[in-house]
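No lab work stands behind these numbers, since they all come straight from the coordinates. Please read these numbers as outputs of a predicted model, since none were measured by experiment. Cβ atoms come from the backbone with ideal geometry, glycine included; neighbour counts cover every protein chain shown.
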Amino acid sequence: MSSTESRVPIVECVALTKVFQDFWGRDKVLAVDRLDMEIQPGEVFGLLGPNGSGKSTTIKMLLGLLYPTSGVARVFGRPPTDTAVKSRIGFMPEESYLYRYLNAYETLDYYGRLFKLDRVERRRRTEQLIEMVGLKRAGKRSVGTYSKGMARRIGLAQALINDPDLLILDEPTTGLDPVGTRQIKDVIETLGQRGKTILLCSHLLADVEDVCDRVAIMYGGRRQALGAVAELLERRDVTEITVRDIDDAAIEKVRKVVREAGSEVIDVHHPTDRLEALFLRVVTQAQREKLQTSGAESGRGVSEFLGGKGVESASLIDSLVQAGQHVVEAPAGAPEAPHEAPRVQADVVEKLRKDVAAPAVAQPRTEPVEAPIPPRKPDKAVLDRLLSGGAAAGDESKPASPPNTEG
Amino acid sequence: MNENTFFMIMFAFGSVMGLITLGYVIRQAFSRQSGEVGGWELRGAGRRIGAVLRTTLAEGLRAKVASGFAALILISIPVFWLTSEGDGTIKGKVQMFFTYSLGFSLFLLAILTVLFSCRSLSVEIASRQIYGIVSKPIPRWQIVVGKWLGVILLDLVLIILAGVMTWTGTRMTVSSFTKDLEKELVTYGNLTPGQAATAVAALAEVRGVGRKGLESPVVTAICEMLGKTREEVGDILLRLPEATRVNLRRFDELRRQVLVARAMIPVEVPDFTKEIEEIYQSLKNDERLPTDWSEKRIRDSITRELMLSYCSIGYAEGRTWEIKGPPPEEGKDWVMSLRFKMRAPRQPIATQVGDITLETDQLLCEWALGDPRKSNFLPAPPGQYPINTANEFEIPQQGIEKDGTILLSFMNVDPRRIEAIFDLPGGALSVMYRIGPWELGLVQALLAGFIPLCCLAAFGVCASTFLSFPVGSLIVLTLFVISSSMGFVAEALAVAKEYAPPEHDRELAWEVRRLTVETMDWALSIGDLDPINRLMEGHAVGWPALWRATWKYVLIKSSLVMILAVMIFRRRELAAVIV
C-alpha cells in the first residue's frame, strides 16, 4: 500500500447516508448508513459486501448519479456532482450499458469525444484499448451483437479512454471468462503499479483479495470492516513452508525440528494447481495454435497511454506464461513466500532449508510437461484447507483479529 | 346545470389537473436534493454536444424505428406520384402530389419526432446507458441540448430526403406531360417532331393575362415560335384531344401560379381607433355601457363589429382598396394576380334573373382595376364567383401604376341580396406576384414544415427528462394532435372566450377565461405557416415569415422548454430507485 501521510484523499466519505424514498417522498429504504471511508492516492481499494449492502449505491453517489441524503462525499476534494472532477474518473458499471448500434471503435470514439480528446489521440487510444481488450477482430461489429463478456471488455476499455487517475470498477469480472477475469486483475494490478487509484466493488472475494491493498466490508448499508487485505487475512499464529520434492524421512526431520522449536506441524500435503491456472494454460495453448474464435481474443497487456511512462506493455498471456516459468525455474529457496513467520524463529527455517536441500537435489525430478503456475499470493483454498484441517488444533483455527474491525 | 356552470366545472377540473402537472414538473426542476454542480463549461461545449448529437443521429439512422419511417417516406412518395390524379388535369395532379407527399412526410416526421425525442433520454435512463455518459465530464445541459439537436438533425436529413423526392416527382410529372404533348402534337396535330418540340418550348414563353380561345397567350406564344397564324395554331390545337387542350391552359396556370414562388400583399384593414373612440364615448355619454363589462371587453366588441361591417359588402354596395405592390416588370416570368376568397352569411340558392342563371354557392360581382378618372381604368364585366373557395385572376400590367399602386374596386351586384364578406384580417383579399423560382418556394415550405418539428422535439426531449417513454410520448402526441387541429381548437376556444355569460357572471370570470384561452392558444401552437397549402398556391412562405416563426417557435418557445428540461435533468437522480 502506498504511503498516505500528508496526502489529500482521492475519495472521502463522511457520514455518507442515502435513503430511498417512495413516490410521495416518504423514506423507505436506508441504503447507505453513515459511511466513513477514505481512499488514498495510488491505492487499490475494495468495497465488499453481499447483494444489497450498499456498495453500488455508494459508488453511484461518488459518480453523481445519486445525491446523498445526508453526509458528504468528495472526489479529488470536490463534490462528485461537479463535472470538473469527472475528467479524472474512469467508470466501469456493473453491466456494460452500451449503445447497441455503435461498433467498438465508434463507442470508444464517442466517449473520447466527451473527454475532448483530439482526433489523433482518440484514434491512438481507441486502437490500443481495443487491442488490449482483445476485440480487434470484432471491433467493427455493432456492440449489440457482442456476448456479455465481450461487452464487459468494451466496458473496461471505455473506462480507460481518458487515462483516469481514479478508476471505479463496479463488479468488473461479472460475465467474464477466466481469461477476461485474469486480464481485469492484471490491468488493475498494472494500473495500481502505475500509481492509479482504483475503487473496486465486488462480492467475488477472490478477485478482491488478489488485487486490493485495502478493503471495506459493508453490510446493511454500514461499513463492518476496513483495513489492509494482508492485515485482515494474515494468520500470524501459523507458518507455511513450501518445499520441492521431499520424501517422508525429510518430512519427519522437519516435524522433529518444529517440535524442538516448541511448535507442531499441523498439516503436510501436496498443493494442487488452481483451476484458473489450468484454464489459462489450455486457452493459451489454443491461441498459440491460432484456432479460430468468433469471440474475444486474448488481450495485449495494458495500453501504453495509461500513465505508463517507460512501462512495457507485454502480452498478457505471455506475461502470465513467463511468470509461471519464472517460478518453476527459480531455485527452491526463491523468496516467494507471501507471509513471513513471525512466531517461528528465522534460524529454524534456515536449518530446515539446509536439511531439506540435500535429498531434494539427490532425487530424480518429475516435473510436469507444463509447469503449474503457482499463485502469486497466498492461495485462499490452501488457507481454507489449512483452517479446516487444523480445527483439531484448537484455537489455531481461529483467524487473527483484524486490526480494524467494527460491528 | 346551465352551460356556464358546466364550463366553469370543466375549467376548474382542467385547472386542477394543470396545476398538479405543473407542480410535478416544478418539483422535479427544483428538487430539494442537490443537483449537478459546476458552471456551464462553455469551453469545448460544441465538441461534446457534437458527440451526443452524432450518436443520437447514428441511433436515428440505424435504429429500426427511424429507418422504418425513412423507408415509409421512400416508398410512399413514389406511390403518391403514381396515384395522384387530382381533378384530372396536370395542375391538379401536381397539386395533389404536393399535398400527399409533403403532407404525409411531415406527418410521419412529426410522429417520428415525438417517438424519437421522447425516448432520447428516458430510454437511456431506463436502460442505464446514461451512467456511462453522466460519469463523463459533460455537463447535463450539453447532453439535453445534444439530444435535441440530434433529433432536429435527423428530421432535417429526412425532410431533405422528402423534399428532393417531391421535387423529382414534380419535375418528372411536368417532363412526362411535355413529352406526351409533343407526341400528341405529332400524332394529332400533324406537326413534325421538331415543330412539336418548338411548340412545347413555346409554353415556357407564355406571357400576359390569360384569355380564352384564339386570344389566349398560349396561342400567341406558339404562333410566335412556329411562325404560324392564330387560325393555323387554333386548327392544330383543335385536333388535339379535349383533355390535352384543357391541360394546355392548366399547364400555363401551373407554370405561373403553382410552380413559382410568389409573395402576397394582403389588403390592409383600416385603422378604426378614431371610430372606436367615438362610439365608446358616445355609449358612455348615453350611459349605455354594460355595467359589468371591462373597458377592454367593450372596446374589443366595438372593434369586432366595425371590422365585420367593413368586410361585409351588401347588395349594390362597393368598396375600393388601394394596394401598394412592387413596380411592374417586363420579364416573361413576371405575373401579378389578385387572389380573393368570399363567404356569405347564408347559402345562395340558384335563381333565374332574366336570361342569367345565378348559380348555387356563387355571387354575382363586378371587379375593376385602376382609377375610373384615368385612362388605365380596366372594368371587368359582371361575373359569378364561387364563395368559400379561393379565386385568382391575373392583373394586366396596365392596371398597375408605375410605382406599383393598385386601385381595386369591388361591387356586389347579386340581386339575391346576399352580403359578400371578405375576411380581410385573414388575408381573404390579396395581390400575389412572382419573387423567384418554385424551388425557392419549396425550400421555404420545407423549412416552414421543419420549424414545428423543432418545437415538437423540444417538448419530447423535455418530457423524456422526467417521464417514461410511453407516458411522455402519449402526452407529446396529444399535444401534436391538438396543435395540428388548431383551427378547430381555436374556434372552440374563441367560442369559450366570447361565451356570453349569464347576468350573474362577473367580470373576473370573463378575464380568467380570456387569459386561459390565450395561454392555451399560445402554449399549444407549434407552427402557423401552413406550408403545404401555400405551396399548392405558389405562395412562398417568405424569409421574414420564416424568421418570425423561427423566433417564436424555436428561439423562444423551444428554448423555454429546453431550459425547463435542463433544470429538471440537472436535478434528477439518474440512478434513483423508487420504492
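Details
- For chain B: rounded, prolate or oblate by the Cα gyration tensor [a/c cutoff 1.5]: oblate
- B:GLU518 paired with A:GLU260, simple spin-label distance in nm, labels 7 Å along Cα-to-beta-carbon: 10.8 nm
- Applying a length cut-off of 20 Å (Cα extent along the axis) and a mean Kyte-Doolittle floor of 0.5 to the DSSP H helices of chain B leaves B:3-29, B:64-83, B:90-120, B:140-187, B:438-466, B:469-484.
- Cβ crowding within 10 Å ranks A:TYR146, B:TYR188 as B:TYR188, A:TYR146, fewest other Cβ atoms first.
- Taking label points 7 Å from Cα along the Cα-to-Cβ direction, B:ARG249 and A:ALA206 give a separation of 9.3 nm.
- Each part gets one Cα centre, and for segment A:25-90 versus segment A:111-176 those centres are 23 Å apart.
- Whole-Hz ³J(HN,Hα) from phi, Karplus 6.51 cos²θ - 1.76 cosθ + 1.60, for segment B:357-369, glycine and proline x: 9, 7, 7, 5, 6, 9, 10, 8, 9, 10, 10, 8, 10
- Chain B, relative contact order [Cα under 8 Å, separation at least 6], %: 21 percent
- Inter-label distance for B:SER127 and B:TYR24, nm, one decimal - labels placed 7 Å from Cα along Cα-to-Cβ: 2.5 nm
- The H on the amide N of A:ASP33, modeled in the peptide plane, is under 5 Å from the matching H of A:LYS18, A:ARG222, each at least 5 residues off or on a different chain.
- Rounded, prolate or oblate (a/c below 1.5 giving rounded, otherwise prolate when a/b exceeds b/c) for segment B:273-438 by Cα gyration tensor: oblate
- The HN-Hα couplings worked out from phi for segment B:413-428 by the Karplus form 6.51 cos²θ - 1.76 cosθ + 1.60 (θ = phi - 60°) are 10, 6, x, 6, 6, 10, 6, 9, 10, 10, 7, 4, x, x, x, 6 Hz, whole numbers, x standing for Gly and Pro.
- The DSSP beta bridges internal to segment A:11-233 are antiparallel in roughly 55% of cases.
- As a proxy for reagent exposure, B:SER122, B:SER464 were ordered by neighbouring Cβ count within 10 angstrom, fewest first; the result is B:SER122, B:SER464.
- Overall form of segment A:143-289 per C-alpha gyration tensor (a/c, 1.5; a/b vs b/c): oblate
- B:LYS284/B:GLN384 FRET efficiency (R0 41 Å; Cβ-Cβ; nearest 0.05): 0.35
- 24 Å Cα-Cα threshold exceeded, pairs from B:LYS274/B:LYS374; B:LYS91/B:LYS324; B:LYS274/B:LYS296; A:LYS55/A:LYS116: B:LYS274/B:LYS374; B:LYS91/B:LYS324; A:LYS55/A:LYS116
- A straight line joining the Cα centroids of segment B:212-249 and segment B:386-404 runs 24 Å.
- Mean projected area of the Cα convex hull of segment A:11-233, taken over all directions, amounts to 12.4 nm².
- Calculated mean residue ellipticity at 222 nm for chain B: -19000 deg cm²/dmol, from DSSP H runs with n ≥ 4 weighted as -39500 (n - 2.57), summed, divided by the residue count and rounded to 500.
- Counting neighbouring beta carbons within 10 Å and listing from fewest to most, the residues A:ASP207, A:ASP165 come out as A:ASP165, A:ASP207.
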